[in-house]
Amino acid sequence: MAKGYFLFNFIHKFLSFIENICFPITCCSCGAFVDSEGLCPECWKKIKWIDNPKCKICGTPFELDIEAVCAECLRKRPHFDEAVSVMEYDDFSKGMILRFKHGDTTYISRQLATWIYRAAENVIKNADIIIPVPIHFFKRLKRKYNQSELLALELKKLSGISYEPRILRKNKHTPQQEGLSRIMRLKNVNGSFGVNSQYSDLLRGRTVVLVDDVLTTGATVNECSKILKKHGAIKVTVLTVARVNYGTSRHFEKLMFPV
Ligand SMILES: [Zn+2]
Ligand SMILES: [Zn+2]
C-alpha cells in the first residue's frame, strides 16, 4: 500500500516536472515564468483594481465615498442595469488584453474570468444566462476566436450558469471601435446587433449577464442590452475585464448626484 502510494506520488511529480518543462506557466501580461497561473509579482503591482465607491449603474470609479449615480447615467440611463469591471483600462491592462485578444494567448481567459467571477459572484450566480458580445463572422475568421466568448465560457465553468453564444449576433461588419469618438462609436454600433429568432424565446423573463473584454464608452454593450431587453430580458448586467475611467477628474465628480 505504502509502496504503491510512493510510486504514484513519484510518477505524478515526474509528469508535472515534464509538463512544466514542455509547457511552462507564464505571466498573463509579460510572459515571465511563474509558479501558478496568473501574474508575476511585478505585473500584479501594476493593476488598478476597481472597487467601491463607483457609479451604481455604469461602474465608473469615484474618488468620493458616496452612493451615487454618475452624471452621464443620470443624463441618459443606459439600457443595461449595472456594469461591473475588474480593473481600469490603462497602458498596463491594455497590453494584457491586446495580448489576449490578438496574440493567440487564449489561456489567459481562465485568469481574467476568475477575476470577473470574484468581482461579481453574486450577480453571476443569480443570473439565468451568460451571453458574450458577438463579433462579426469576418472578424472571427481573421482573429480565429472571439475573446468575449472565451471569457463567458470560463464564467460558465466557474458558475454552472447556462452559456448561450448563439442568441446575439453581429449583423454588420463595422469598423473597429478603437480610435473612434463617442458619437462615431454610437453611430457605428447602431443597429449592428440582432437576436437569432430561433433562440429569442430563451430571453423572455430572463436575467442576463453580458460579457465583453473592455468597456470604453459603453456604446457596444448598451446596444446589445437594448436588443436583449427588446426580446424580453428583464435584467442585463454587463461584466468586463477592464473599463476606461472617465470619472477620476474632479470636474466630473462635481456632476454626480447621490441616490
Ligand atoms: Zn508579469
Ligand atoms: Zn454611471
Checklist entry - On the accessible surface of the range 50-258, probed at 1.4 Å, how many percent belong to carbon and sulfur atoms? => result 51 percent
Next on the checklist: I want the local charge near Gly31. Using Cβ-Cβ distances under 14 Å, sum +1 for each Lys or Arg and -1 for each Asp or Glu among the other residues.
Outcome noted: -2
Item to check | Efficiency of FRET from Cβ geometry, Asp201 and Ile234, R₀ 22 Å, rounded to 0.05 | outcome: 0.95
Next on the checklist: Given contacts defined as C-alpha pairs under 8 Å and at least six residues apart, what's the relative contact order of the range 19-112, whole-number percent?
Outcome noted: 23 percent
Checklist entry - Using 1/(1 + (r/R0)^6) with R0 = 22 angstrom and r between the beta carbons of Asp91 and Arg143, what's the FRET efficiency to the nearest 0.05? => result 0.50
Next on the checklist: Modelling each spin label as a point 7 Å along the Cα-to-Cβ direction, I'd like the His173/Thr114 distance in nm, to one decimal.
Outcome noted: 3.8 nm
Checklist entry - Based on the Cβ-Cβ distance of Asp35 and Leu98, what FRET efficiency does E = 1/(1 + (r/R0)^6) give at R0 = 25 Å, to the nearest 0.05? => result 0.50
Item to check | Accessible surface, per residue, of the range 109-162 when the full set of protein chains is kept, probe 1.4 Å, Å² | outcome: 47 Å²
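The values are calculated or read from the model by the stated rules, or taken from the named source; none is laboratory data. Since this is a predicted model, take the numbers as computed values, not measurements. Neighbour counts are summed over all protein chains in view; Cβ atoms, including those assigned to glycine, are modelled from backbone coordinates with ideal geometry. The protein model used for the area step is the full one, side chains on, heavy atoms only, and it has no ligands, DNA or RNA in it. Shrake-Rupley method; radii C 1.70, N 1.55, O 1.52, S 1.80 Å.
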